[in-house]
Amino acid sequence: MSGLIIDSKACIGCGRCVRACASGGIVVEGERPNRCARVTDGCILCGGCVDACPVNAISIECDEAAGAVDLDAYRDIWVFVQTDEHDTVTPVAYELMGKGRELADARGCRLVALVGMSPEGSLGDLEHLVCAGADEVLACRDERLRQNDAEVYARLICDLVAERKPEAILYGATAFGRELAPGVAVRLQTGLTADCTVLSMDTETGLLQQTRPAFGGNLMATIICPNHRPQMATVRPGIFKAPDFDYGRSGTITQISLADDAKARVEISIPAEEWGQQPSIANAERLVVVGRGIGSKKNLPLMRRLAEALGAELGCTRPVVEAGWLEYRHQIGQTGVSVSPRLLVSIGVSGAIQHLAGIGGAECIIAINEDPDAPIFGAAQYKVVGDAVEVVEELLAQLER
């Protein structure tokens, strides 16, 4: 059995392991000379204490046989299809269906959509999932699935995985997807890569190549999960394009059941429509996106005027939010939202890789920056080198004539 091993004879009770542990997984007890470290239930086998021990008294024992998985028993690509409070399939689910179809074709396997909804859920949406590329739709209609409760949905997914053994599962990196997917990964003792920007399939090995920015966005890391199944990844809305519906496709819709003892541990007493939710820029057709290059917060009204003149929403980079100029809901990039507008006007944005990851779906980018070497110009179809405020003032003068 895998676990943390402490050599009580070698341990000197110095406590460095305790200071290195972020999860409360180890304590030091007793009085000298019998003072010694002890493992607690909080241990997550991160290895921090192993590195910190000055006398090499701590090690991790891995039982590979106990965790061995029959990889050949797993087959098919699954997409978890999130629905909203009206049982409508969310846009990111269709985006994942397009990528899932591509992966399934490369692997030579089926694409399966897994969707949960209330008993009143529409059959039409299930048929649309077939049109979007699904070979089979696993649909569960249950009152307990009316709310997006991670405990209940995790039980549904884990029970189905144990029965059907999918090779990979894709989730949207929505607020709910980010809550659900890690819980499923822990229960299934498998890996999860968050916020992927590229997904591809090694057709020989069946390994899902999961690429995402790493180390502050300074490089792109491709992550694989060679020894556990299912392979799992989350993808933020707007990264992939939704496929065109093929109304001539045929597929199977299978009604499935949720275990009788599956239940939520949290009761939601306030309906979502009463929360006063702010509008999202994720689905905007036109965007004006500002960076620190606009000079100061006092120039924001000018940028809002341009957005209004273009019929656009206003977005921004992370530094603008951190400076307190705009709220987080305006933030675009790896740590904000991903967007796919038809038109994006970028003003005073340098173009860090984290930001570029969030605007990759834009059809047309017009970039305005006084630095001719700004990375944003590499992603733009139209480039204007000049002072952001002066250029916007001239644009407004032309638009408002």
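The values are calculated or read from the model by the stated rules, or taken from the named source; none is laboratory data. What you see is a predicted model; the values in this text were computed from it and never measured. Virtual Cβ from ideal backbone geometry, glycine too; neighbours counted across all protein chains shown.
Before moving on, here are some points about what is shown:
- Among (1) in the same structural domain as Thr190 (by TED's automatic domain parsing); (2) of a type in the set (Lys, Arg); (3) not in a loop (DSSP other than H, G, I, E, B) - the single one Arg75 does not satisfy: (3)
- Test: residue in region 105-112 that is in contact with a Lys or Arg (Cβ under 9 Å, 6 or more places away or on another chain), in a strand (DSSP E or B) and among the β-branched types (Val, Ile, Thr): yes
- Hey, Asp149 assigned by TED's automatic domain parsing to the domain that holds Gly251 and surrounded by fewer than 19 Cβ atoms within 10 Å (Cβ to Cβ) or not: no
- If you go through region 253-268 and keep only what is more than 21 Å from Tyr171 (Cα to Cα), at pLDDT 85 or above and not hydrophobic (A, V, I, L, M, F, W, C), you end up with just Asp260.
Matching residues to (1) touching a residue at least 60 places away in the same chain (Cβ under 8 Å); (2) closer than 24 Å to Gly358 by Cβ:
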position	(1), (2)
Thr174	yes, yes
Val184	no, no
Asp202	no, no
Thr211	no, yes
Ala214	no, yes
Arg229	yes, no
Ser250	yes, no
Thr254	yes, no
Ser257	yes, no
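- Region 309-345 - residue that is touching a Phe, Trp or Tyr at 6+ places or on another chain (Cβ under 8 Å) and outside any helix (DSSP H, G or I) and, of those, surrounded by the most Cβ atoms within 10 Å (Cβ to Cβ): Cys316
- All helices (runs of 4 or more DSSP H) inside region 123-214 with 1 or more residues being farther than 23 Å from Ala262 by Cα and in contact with a strand residue (DSSP E or B) (Cβ under 6 Å, 6 or more places away or on another chain): 123-131
- Residues satisfying the stated conditions in region 97-122, i.e. without any contact (Cβ under 8 Å) to a residue 60 or more places away in the chain and of a type in the set (A, V, I, L, M): Ala104, Leu111, Val112, Ala113, Leu114, Val115, Met117
- Pick from region 133-146, criterion among the small types (Gly, Ala, Ser) and within 24 Å of Gln210 (Cα to Cα), ranking: surrounded by the most Cβ atoms within 10 Å (Cβ to Cβ): Ala134
- Cβ-Cβ distances below 8 Å connect the following pairs, each with a first residue in region 384-397 that is free of Cβ contacts under 8 Å to residues at least 40 places away in the same chain, a second residue that is part of a helix (DSSP H, G or I) and surrounded by 14 or more Cβ atoms within 10 Å (Cβ to Cβ), and a separation of six or more residues or different chains: Val384/Val391.
- Check on Asp84, of a type outside the set (A, V, I, L, M, F, W, C) and closer than 21 Å to Lys165 by Cβ: no
- Residues (surrounded by fewer than 21 Cβ atoms within 10 Å (Cβ to Cβ) and over 16 Å from Ile239 (Cβ atoms)) located in region 84-100: Asp84, Glu85, His86, Asp87, Thr88
- Here Ser118 meets each of (1) over 29 Å from Glu267 (Cα atoms); (2) in contact with an Asp or Glu (Cβ under 6 Å, 6 or more places away or on another chain); (3) surrounded by fewer than 20 Cβ atoms within 10 Å (Cβ to Cβ) with one exception, condition (1).
- Scanning region 173-204 for residues that are surrounded by fewer than 16 Cβ atoms within 10 Å (Cβ to Cβ) and touching a helix residue (DSSP H, G or I) at 6+ places or on another chain (Cβ under 8 Å) yields a total of 4.
- Residue count for region 1-42, restricted to those that are under 17 Å from Ile60 (Cβ atoms), surrounded by 15 or more Cβ atoms within 10 Å (Cβ to Cβ) and touching a residue at least 40 places away in the same chain (Cβ under 8 Å): 4
- A Cβ distance below 8 Å, combined with a sequence gap of six or more or placement on separate chains, defines the contacts here; from region 346-357, residues that are not assigned by TED's automatic domain parsing to the domain that holds Asn369 and part of a loop (DSSP other than H, G, I, E, B) reach no residue that is modelled with pLDDT of 95 or more and not charged (D, E, K, R).
- All positions within region 159-172 that are surrounded by fewer than 22 Cβ atoms within 10 Å (Cβ to Cβ) and either under 14 Å from the mean Cα position of the chain (by Cα) or free of Cβ contacts under 8 Å to residues at least 24 places away in the same chain (or both): Ala162, Glu163
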